[in-house]
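Accompanying notes for the structure given below.
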Ligand code: KG4
Ligand code: ZN
C-alpha cells in the first residue's frame, strides 16, 4: 500500500510517498511487523524566515506552506498511490489548514481516500522504527507496553502506549514545551532560532573543553514532585534573571548552555525513571525535535542501561526527529495495514490542541 503524506503543522512543509507492508511474523496479530519503503520525500524548512521573530509566526507559516505545497508536489505528480493522509493536529491551525485544503483537493482530483493523522502519534511510531538507510524502516517486535517521551517545540509529554493505538498521557508540561524553553534561552544568549541545536553545540563545546567554571546552578523544576509532569517556565525565568545585565564571555556562555542542558536532562532522567516504574514499560522510545539532542539521548541511554536493563530503549534516527511527512505516512500505514482505519473520515478539521490520548 502506497500513501502520500502531507505535513504542515508548524514551520516545515513535508511531503512523502511511502509504501508499507505488513510482514507475517511475530509477535502477534494486530500489528506485528511493518516494512516501510520511502520512495520519495520532500521537506522545506521555513526556520530561516521565522528566525527574526524568534519563533514560528503562524500567518507567515501559512503563506509559505501555500506557496511550497504545489512546488513540492510537482515531484510526486503521476505517482501511483492508494491513499492520501494529512496531519490534522496538533499544531498551528492556520498552517494545518493549508495542508488539509491541499490534501482535500488532491484526493478529490485523484479519486483516492483521504485520512487524517495525529502529529504526536506519528513522532512516536516513526521513532519506534529501525532505519536501514536513515529513511526506509522496519517496525518489529515492539514489546508492549511502550513508554514514549515526546519532546518538541510544542509538546512535552510522557505517553503510555498499552497496545497499538491505545494511548494515555501520564505526564506533561504544565507550561512551556521543552523545545520552546531551548529556543527562548537560546535567544537570551543571542543565538539564532531554532535555538535547541545552537545550545547543544555550545554545551558540547564546554564539556569537551573541560574548562570554564559553571556560572551558576539553575533549578530542576518539579524534579521531586512525585508525578511525571514537568515545568519549564521557572527554568526559563531563572535563566533570564541569571543573565540579566551580564556580559558573558564565550566560555561563560558555553558553560551556561551546558548548565541549562544539564538541568533539562536531570529532569528528564528523574521523570523517565518514575514513568518507567509506573507503567512497567518493556519498550522506551523518545521522539520529537528535541530527541535530536545528543546529551539528552546519552543521559537517557545511560539511565536505561544502568537501571532498566530489561527495557528496550529505541532511539530515533536523526533523520526523523524533526517534523517531516515520512512519519505521517508511517503512522497512517500502521492504522491502514492493520485494518484499524477502514473508512476515511467524512470531514477533516484542523485541531490545534488535538491530543494523542485515547483514554
Ligand atoms: O518536532 P519539531 O521539529 O517541531 C514541533 O513539532 O515542535 O521540534 C522543534 C523543536 C525546536 O524547539 C528546536 O529548537 C528543538 O526541537 N530542537 C532541539 C534540537 N534540535 C531541535 N532542541 C535541543 N537540542 C537539539 N539538538
Ligand atoms: Zn513535531
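When you scan the range 160-170, do you find a residue that is within 18 Å of the chain's Cα centre (by Cα), crowded, with 21+ Cβ neighbours inside 10 Å, at pLDDT 95 or above and within 8 Å of ligand 1 (Cβ to nearest atom), even just one?
No, the conditions are met nowhere in the range 160-170.
Can you pull out the residues in the range 115-135 that are over 15 Å from residue 321 (Cα atoms), away from ligand 2 (no atom under 13 Å from the Cβ) and either modelled with pLDDT of 95 or more or not in a loop (DSSP other than H, G, I, E, B) (or both)?
115, 116
Yes/no per residue for (1) away from ligand 1 (no atom under 15 Å from the Cβ); (2) over 24 Å from residue 203 (Cα atoms):
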{"residue": "237", "(1), (2)": "yes, no"}
{"residue": "272", "(1), (2)": "yes, no"}
{"residue": "275", "(1), (2)": "yes, yes"}
{"residue": "278", "(1), (2)": "yes, yes"}
{"residue": "304", "(1), (2)": "yes, no"}
{"residue": "311", "(1), (2)": "yes, yes"}
{"residue": "325", "(1), (2)": "no, yes"}
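Quick check on the range 317-332. Is at least one of its residues under 20 Å from the mean Cα position of the chain (by Cα) and more than 16 Å from ligand 2 (Cβ to nearest atom)?
No, the range 317-332 contains no residue that is under 20 Å from the mean Cα position of the chain (by Cα) and more than 16 Å from ligand 2 (Cβ to nearest atom).
On the basis of being closer than 21 Å to residue 39 by Cα and assigned to a strand (DSSP E or B), does residue 138 make the cut?
Against the criterion (closer than 21 Å to residue 39 by Cα and assigned to a strand (DSSP E or B)), residue 138 qualifies.
The values are calculated or read from the model by the stated rules, or taken from the named source; none is laboratory data. On a predicted model such as this, the values are computed, not experimentally measured, just so you know. Positions of Cβ are generated from backbone atoms using ideal geometry, with glycine treated the same way; all protein chains shown enter the neighbour counts.
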